[in-house]
Structure formats: C-alpha cells, structure tokens
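> This structure is in structure tokens; I'll ask about it shortly.
The values are calculated or read from the model by the stated rules, or taken from the named source; none is laboratory data. For clarity, every value in this text was computed on a predicted model and none was experimentally measured. Cβ placement follows ideal geometry from the backbone for every residue including glycine, while neighbour counts extend to all protein chains displayed.
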Amino acid sequence: MIAIFCGNNRRQRLLHEWHGIPFANDHLDAFFNATGDAAIALGAFVTAAEALGLGCCPISAVRNEAAAVSELLHLPEHVFPFAGLAFGFPATAPEISKRLPLGVTCHVDRYREDQLQQSVQAYDAGRAASQPYDKQRFIGRFGQKPDYTWSDDKVRQYSAPERDSFGAFVRSQGFKLD
C-alpha cells in the first residue's frame, strides 16, 4: 500500500475565513509549518506501523511530480504532497539500513562540525563493508568507482537538479515563500 502525506495550510486559512479574521501569516512559515506537520505525521505513522510489524519506506520522489500527484489527489490550494509512504507486511525480515551516527546528526548545546569528515568517512567504510551499493549513479559522467560509498552516492545524486520545479509548484498552490 502507499499513503501520501500532505502539507496542509488550507485548514488554517479556512478557519480564518469562517471566523472573518484575516490570515496574517501568509509568508514562508505557512509553508514551513505545513511541511513540519506532514513530517511529524509521517514519522508517527512509521513508528505505529512498525510496532504492528509493517515494513515502511518513505518516498520523497512524490515531489518530483508534485503537480501530477496533486492533480491525481484533487488537492486544493495551500495543500501539497510532502512524501509517499509504502507500507505492508514484509515477506521476509528486512535488512535495516545503516544510518549516520548520532554524533553527526544530533548536536548537544551547540552545532558542531569537528570530526564531521572523519565520522562520515568511518560511516562510509562501515556501510560499504556491510551494505555496499549494487549500482552507482551517473557512471557516464563520473565513471565507475571501485570503492563507491554512501557519500559518493549523495554527492552524485545532488550533482543533478532534482525537484527544481517544486518551488514554482508550491507558489502555484498559493504559498508565498517570502
């Protein structure tokens, strides 16, 4: 099955309309707050689903075709697709993907980058040893790399434009991103 989680600022705007009070926050935070709410809902759904034995896979690629997904779902103004979530009972126990260490993603007291490169390199090596990539991105552009790692994959992935029309789509949904 697949669920689509949407950012929704329409409901707040409707409340203002119903009460006859102008919506005074028509700026970036309206979009940002709707995005945060969608992310929280997605995370809560994954936690609940996994507690029931379901396997889950978030799919951010729905934003690659945001207008088409929006049209398919008949999303009104100020509502946008945030992410898909494939879920179901796995036929076999899934392998859990390694994640970056908490020291790279969680900061205590202040933001820090000391040891960041070394931590990523250690993660790259550990992941390559236990979960190597089956294929490499953009071989024609970058060539085949014998020791292809997670950070290589991320650099290659974001070396080409992705979702470059998403901002225009969000604006077409009525959001002001000032």
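> Answer yes or no: is there a residue in the stretch 36-49 that is among the β-branched types (V, I, T), at negative phi, surrounded by 11 or more Cβ atoms within 10 Å (Cβ to Cβ) and touching a strand residue (DSSP E or B) at 6+ places or on another chain (Cβ under 7 Å).
Checked the stretch 36-49: at least one residue is among the β-branched types (V, I, T), at negative phi, surrounded by 11 or more Cβ atoms within 10 Å (Cβ to Cβ) and touching a strand residue (DSSP E or B) at 6+ places or on another chain (Cβ under 7 Å).
> Right, another one. If I go through the stretch 87-102 residue by residue, how many of them are more than 19 Å from the chain's Cα centre (by Cα) and surrounded by fewer than 11 Cβ atoms within 10 Å (Cβ to Cβ)?
6
> Check the stretch 91-98 and report whether any residue there is among the polar types (S, T, N, Q) and touching a residue at least 40 places away in the same chain (Cβ under 8 Å).
There is no residue in the stretch 91-98 that is among the polar types (S, T, N, Q) and touching a residue at least 40 places away in the same chain (Cβ under 8 Å).
> Filter the stretch 88-117 down to the residues that are closer than 24 Å to D153 by Cβ, out of contact with any Phe, Trp or Tyr (no Cβ under 8 Å at 6 or more places or on another chain) and among the hydrophobic types (A, V, I, L, M, F, W, C) and list them by number.
Correct list: I96, L102, C106, L116.
> Considering only the stretch 23-39, I want to know if a residue exists there that is touching a residue at least 24 places away in the same chain (Cβ under 8 Å), of a type outside the set (F, W, Y) and closer than 30 Å to T92 by Cα.
Initially, the stretch 23-39 is screened for residues touching a residue at least 24 places away in the same chain (Cβ under 8 Å), giving 26-28, 30-31, 33-35, 37-39.
Filter again for of a type outside the set (F, W, Y), leaving 26-28, 30, 33-35, 37-39.
So of that shortlist, the ones also closer than 30 Å to T92 by Cα come out as 38-39.
Yes: one or more hits.
> Can you name every residue in the stretch 103-131 that is loosely packed, with under 10 Cβ neighbours inside 10 Å and charged (D, E, K, R)?
D109, R110, E113, D114
> Another question, then. Quick one: which of S119, S159, S70 is modelled with pLDDT of 95 or more, assigned to a loop (DSSP other than H, G, I, E, B) and polar (S, T, N, Q)?
Result: S159 is the single residue among S119, S159, S70 that is modelled with pLDDT of 95 or more, assigned to a loop (DSSP other than H, G, I, E, B) and polar (S, T, N, Q).
> On to the next question. Can you name the residue in the stretch 55-67 that is under 11 Å from the mean Cα position of the chain (by Cα) and part of a helix (DSSP H, G or I) and, of all such residues, is surrounded by the most Cβ atoms within 10 Å (Cβ to Cβ)?
V62
> Check F5 against each of (1) touching a residue at least 60 places away in the same chain (Cβ under 8 Å); (2) among the hydrophobic types (A, V, I, L, M, F, W, C); (3) surrounded by fewer than 15 Cβ atoms within 10 Å (Cβ to Cβ) and name the one condition it does not meet.
It is condition (3) that F5 fails.
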